[in-house]
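Encoded as structure tokens, the structure appears first; notes follow it.
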Amino acid sequence: MVNRSRPLSPHLTIYRWPITMILSIMHRATGIALSFGFVIFTIWIGSISMGSSSYELSFLFLDSAIGQALLWLWSFAFFFHLCNGIRHLYWDTGRGFSKNSVECSAYTAIIFSVVFTITFWWIV
Amino acid sequence: MTLKSLINLTSKGVLLKKASGHWWAQRITAIMLLLFGSWFLVSLCTLQDLQYLAVLHWASQPLNSFMLFLFSLSLGYHSTLGLEIITEDYIHKPNKRKILISLIEKFHLILVLIIGISLLRILLGDAQ
């Protein structure tokens, strides 16, 4: 029998969420969101090849309120995953692991992804 | 997997080779996406209203077509690797995990094939 009263290792819900943890979760979440975006991207490219009436159909969807909301989300997901991805690539060189550095790069990644998203929609 | 078989695999370099291959592929496709993804968004900015003829004209330029294909290839590969890692982390039943990973791979392969065929059709002027 398993002894149920044995102490468990602390679960996620115990901790006060540090910024680094939030970013780690967001990196995966935005990655999954972008994978779904890849499906829409494929449909969009496919619709170009199938002629103007198919293209209008995919355009109508992307131009709708839901489509626009999704595009906003995807653009933010893209920029976030990009900025945080650069952070990961920097870590891969073995640098930037001090507590200070890790938090500083976290806030930098967030600020840049927000700025990029707003700039992108301002231009487009 | 027993410890002995793990050590066996490790000493033969099979496991290490697979793991480090995955690691490198993820990084290389990440850097490719950094370039192609940025290129794609900048291109979208230049195609302002996304009207059909403008988009068709843009996508039928050989260089753009080539870039779109490289973008899709690296995106599909990177997405497969990422979703595989997440599957390995959260799906604990070996059978279920195996099936899910093979589905992810096949699904991405189909998406990239659809994009490849579509780009070819656009390039050859079959789209109207």
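Any read-out appearing in this document is the output of simple, stated calculations on the displayed coordinates, not a laboratory observation. Predicted, not measured: the structure shown is a model, and the values here were computed from it. Note that each Cβ is placed from the backbone with ideal geometry, even for glycine, and that neighbours are counted across all protein chains shown.
Observations on the structure shown:
- Unit Cα scatterers, Debye sum, the protein assembly as shown: log10 I(q)/I(0) for q = 0.11, 0.12, 0.17 Å⁻¹: -0.73, -0.85, -1.42
- Counting Cβ atoms of other protein chains within 10 Å of each residue's Cβ and taking the mean over peptide B:67-76 gives 2.
- As a ratio to 2.2 N^0.38 Å, the alpha-carbon radius of gyration for the range B:29-123 is 1.31.
- Computed over the range A:19-123, the Cα gyration tensor eigenvalues convert (square root of 5λ each) into semi-axes of 33, 14, 11 Å, ordered from largest to smallest.
- Max mean-square fluctuation residue, GNM over chain A, Cα-Cα springs under 10 Å, options A:95, A:28, A:87: A:95
- Relative contact order (%) - chain B, alpha-carbon pairs under 8 angstrom, separation at least six: 29
- Computed 3J(HN,Hα) for the range B:91-101, one whole-Hz value per residue from the Karplus formula 6.51 cos²θ - 1.76 cosθ + 1.60 where θ = phi - 60°, is 9, 8, 6, x, 5, 4, 4, 4, 5, 4, 5, glycine and proline marked x.
- Highest-first arrangement of B:89-98, A:10-19, where packing means the average Cβ count within 10 Å: B:89-98, A:10-19
- Put the Cα centre of the range B:62-98 next to the Cα centre of the range A:1-49 and the gap is 15 Å.
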